[in-house]
Amino acid sequence: MRGNKKYLWAAGALNKKGFTLMEVIVIVLIIGILAAIGVPQYQRALESSRSSDAIVTIGNIVTAQEMQLLQSGSFTPNFSDLMLDIPLERPAQATYGWDSQDSRGESQFFEYDISGCTYGECSISAFRKEDDGGHLYEIRLTGMDTSGNKGVRSCHSDDEYGRKICLLICGVDDLSADGSCMID
């Protein structure tokens, strides 16, 4: 009897420890597949939350413009004239060639622009910064005017990744032919 135990122990049947090479390969393969699926989803969710921040900032700019309209009777093309509690810095150089330094501001991920706000209508844009992974898209508010029209919010992109983000922002299945959609 004792001889049989010794034989089984020598063959490894009684003292098996660790994983086989095949088990390790299967585990690594499963982790790789999960990472390949999860990482792009995580990046899209992260970018979607960043775009939500831009939408909130545009809403704050709209509120500040409405306060400016009540106080002075017109919109202002300058961020410095607005009562904003959001930290918008002046960009070091103009990425999109805007005319006035005061009509531009930037946050960590977006550059903001106020344009056309002197003639009774105002347009506010948030451009995704180019230096952050090439995620190029723009969130716009156009058509806000002194007669009380709140304007139309939209998202626009010329590249594939930005189009995916615009689809998430707008909650639609497809963009228009020019790569844009309306935000509800």
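Each reported figure results from applying straightforward, stated rules to the coordinates on display, with no laboratory input. Treat the numbers as computed from the prediction; the structure is a model and nothing was measured. All Cβ positions, glycine included, derive from the backbone under ideal geometry; neighbour counts span all protein chains shown.
Using a 7 Å offset from the Cα along the Cα-to-Cβ direction at both Ser48 and Ser147, what is the distance between the two label points in nm, to one decimal?
Computed distance between label sites Ser48 and Ser147 equals 3.7 nm.
Modelled label-to-label distance, Leu168 and Ser72, 7 Å Cα→beta-carbon offset: nm?
Roughly 3.7 nm, to one decimal.
Can you compute the FRET efficiency between Ser176 and Ile37 using 1/(1 + (r/R0)^6), with r the Cβ-Cβ distance and R0 = 25 Å? Round to the nearest 0.05.
The formula returns an efficiency of 0.25 here.
If you take the beta carbon distance between Ile55 and Ser80 as r and set R0 to 22 Å, what does 1/(1 + (r/R0)^6) give as a FRET efficiency, to the nearest 0.05?
Once the sixth-power term is evaluated, E becomes 0.45.
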